[in-house]
Structure formats: structure tokens, C-alpha cells
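Before any comments, here is the structure.
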Amino acid sequence: MIFERLRLINDPAPGNGAWNMAVDEMLLASIATPTLRVYRWSEPTVTLGYFEKLAEARALRPGLPLMRRWTGGGLVDHGADWTYTLIIPADHALARNGRSESYVEIHLAIQKIVATTGIALELATAATIAGAGCFARPVPGDLLLDGRKIAGAAQRRTRRGLLHQGSLQSIPMELVSARTFADRLAAEATSIPLTGEERARAAQLVTTRYGRAEWLARF
């Protein structure tokens, strides 16, 4: 297990791209306890990394709603995937680790969780990537199934902590509930929904950042 205690937020209602990204940033800004958020999408959406060029994203995913993440990385298709975020306070050992170490540790935990469903995922290394016929520019630490990228993530660090946004695709994640996921990450996982105050702060971020055309078109 990675955490002693964990807050689980299993969002009951799907959200659009602006809302989902705003909630994640809001949680990092006030993080006190390691938090796992599992959420869905109200429509198929493509998120692009903070530095990705909007024109290129539109050319690659014509006609689909686009949303820029606060984290890095490339394009990620959402809607049929299993989307989660880990928000970790700066004083936790995992947040103090480098990007590669924390990325691998989280994906090793996911590898073990998925293995309970009978699906064996492979942790990508530089050697496995060289011969893998997979999409979305896999990097060491991604999870592969039969040489194809199945799980990836993007991170951002601030003074408050670590934001790790992840996606698992093309596997029957209904076999692994948010509760099971949380229980395998932490010795004690408590379900605590978003509060009214947290929702209000996220809504403010939608207004000032993620819902604005300037945010999407910044690169």
C-alpha cells in the first residue's frame, strides 16, 4: 500500500472537461490528506497537455470537444476510459519523489489491482517501448497490454503537493470499483464527497480559467 489514509471522491455525476479539470486543481490548492478522485465525462472529450498546441490537437481530433489540462503530456481520449486523479500533499514521501519514481510507483500499484481481474499488464521500459506498436507516445512507466499502451498519466507539482491525472483504457475496469481501487492504495480509505464549498471553488475556476477560450488557446 502507498498511503496510510486516503480520501476517496467517487463523483456520482459525469462532468464536462472544464468542470473535471477545475475540480482537480481546486483539490490540489487545499490538499491536506492524500485523495483519490474517480470521475466520468458527460460527453466524449479530448484533453491536451499544458504545452500542447491547440491547432495540432484540433487536426488530430476534429469535431471533438477539447480541454487543456494543468498537467503536461499529450492528447488523451476520455469518455470510454476509467479516469482518476491522485492528489498528494507535499510532505508525503511520494510527492517528494521525482517524477519517474512517483509515476512508476503509482502504476505498479495499478498493475497489481488490474491483475486481480485476470489481466496482466506490463510496465513499459525504454526497451519494451522500442518495439511496442502502441499509441500516444508511451514513456517508461506506462502500462502496456500486448504491447499497446493501456494506462498513462500526467503530473504537476506545486508547493502544495503532487497532482497525478491518470487514464486506463480498453480494459473492463467495471471489474475494479473505485472502492476496491482505494482500498488497495491505502490502509484506511474514507469516502468523503465534495463539499459545497469545494464545489463553489471549482465553479469559480471554471469561470476564471477552464471555461475560457483563452485557456484552451494559450498555445
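Please list the non-local residues whose amide H lies under 5 Å from the amide H of Phe219, H modeled 1.01 Å from N, same-chain partners needing a gap of 5 or more.
Result for Phe219 returns Leu54.
Per residue and in Å³, how big is the convex hull formed by the alpha-carbon atoms of the chain?
118
Summing -39500 (n - 2.57) over the DSSP H runs of n ≥ 4 in the chain and dividing by its residue number, what mean residue ellipticity at 222 nm do you reach, to the nearest 500 deg cm²/dmol? Before the final figure, lay out the partial values.
Details: 8 runs with 68 residues, N = 219.
Rounded to the nearest 500, the figure is -8500 deg cm²/dmol.
What is the extension gain from Glu43 to Asp183, computed as 0.36 nm multiplied by their sequence separation minus the C-alpha to C-alpha distance, in nm to one decimal?
47.5 nm
Please compute the net charge surrounding Ala186, taking Lys and Arg as +1 and Asp and Glu as -1 over other residues with Cβ under 12 Å from its Cβ.
Working: positive: Arg5, Arg7, Arg179, Arg184; negative: Glu4, Asp183, Glu188.
Overall, the nearby charge balance is +1.
Take every DSSP beta bridge with both residues inside segment 1-136 and express the antiparallel ones as a percent of the total, to the nearest 5.
Details: 8 of 16 bridges.
Of all bridge pairs located within segment 1-136, approximately 50 percent are antiparallel.
How many nm is it between the label spots at Arg199 and Glu56, if each spot is 7 Å from the Cα in line with the beta carbon?
3.9
If only Cα atoms are counted, what is the Rg of segment 162-219, and what is its Dmax, in Å?
Using the Cα atoms of segment 162-219, the pair Rg, Dmax is 16.3, 42 Å.
Which whole-Hz couplings ³J(HN,Hα) result when phi for each residue of segment 149-166 is put into the Karplus expression 6.51 cos²θ - 1.76 cosθ + 1.60, θ = phi - 60°, listed in order with x for Gly and Pro?
Ordered by residue, 3J(HN,Hα) equals 5, 10, 9, x, 7, 9, 10, 8, 10, 9, 4, 6, x, 10, 10, 10, 9, x Hz.
State in Å² the accessible area per residue of segment 1-117; use a 1.4 Å probe, count heavy atoms of protein chains only, and round to the nearest integer. Don't skip to the answer; put the middle values down first.
Working: 4920 Å² over 117 residues.
Here the residues of segment 1-117 average 42 Å² of exposed surface.
Under a 5 Å amide H to amide H cut-off, with H placed in plane at 1.01 Å, what residues pair with Thr71 once short-range neighbours are removed?
The answer is Tyr50.
Among Gly141, Trp70, Ala154, flag the residue with its Cα farthest along the positive direction of the charge dipole of the chain, charges on Cβ as +1 for Lys/Arg and -1 for Asp/Glu.
Trp70
Using alpha-carbon pairs under 8 Å, 6+ residues apart, how would you state the relative contact order of the chain in percent? Walk me through the intermediate numbers first.
Details: 423 pairs, mean separation 65.1, N = 219.
Relative contact order for the chain comes out at 30 percent.
Could you pull out every residue, at least 5 positions away or on a different chain, whose amide H is within less than 5 Å of the one on Asp142? Hs are placed 1.01 Å off N in the peptide plane, and Pro or chain starts have none.
Ala124
Count charges around Thr195 for me, please; just the other residues with Cβ under 12 Å from its Cβ, Lys/Arg as +1, Asp/Glu as -1.
Working: positive: Arg7, Arg199, Arg201; negative: Glu197, Glu198.
It works out to a net charge of +1.
Remind me, what semi-axes does segment 53-117 give for its equivalent ellipsoid, largest first in whole Å, using sqrt of 5 times each Cα gyration tensor eigenvalue? Write down the numbers at each step before the final one.
Working: eigenvalues 157, 61, 20 Å².
For segment 53-117, the ellipsoid semi-axes come out as 28, 17, 10 Å.
Pick out which of Asp146, Asp81, Asp24 has the largest mean-square fluctuation in a Gaussian network model of the chain, springs linking Cα atoms closer than 10 Å.
Asp146
The values are calculated or read from the model by the stated rules, or taken from the named source; none is laboratory data. As the structure is a prediction and not an experimental result, all values here were calculated from the model. Using ideal geometry, Cβ is built from the backbone for each residue, glycine included, and neighbour counts are taken over all protein chains shown. Quick note on the areas: whole protein, heavy atoms, side chains included, nothing else; ligands and nucleic acids left out. Shrake-Rupley method; radii C 1.70, N 1.55, O 1.52, S 1.80 Å.
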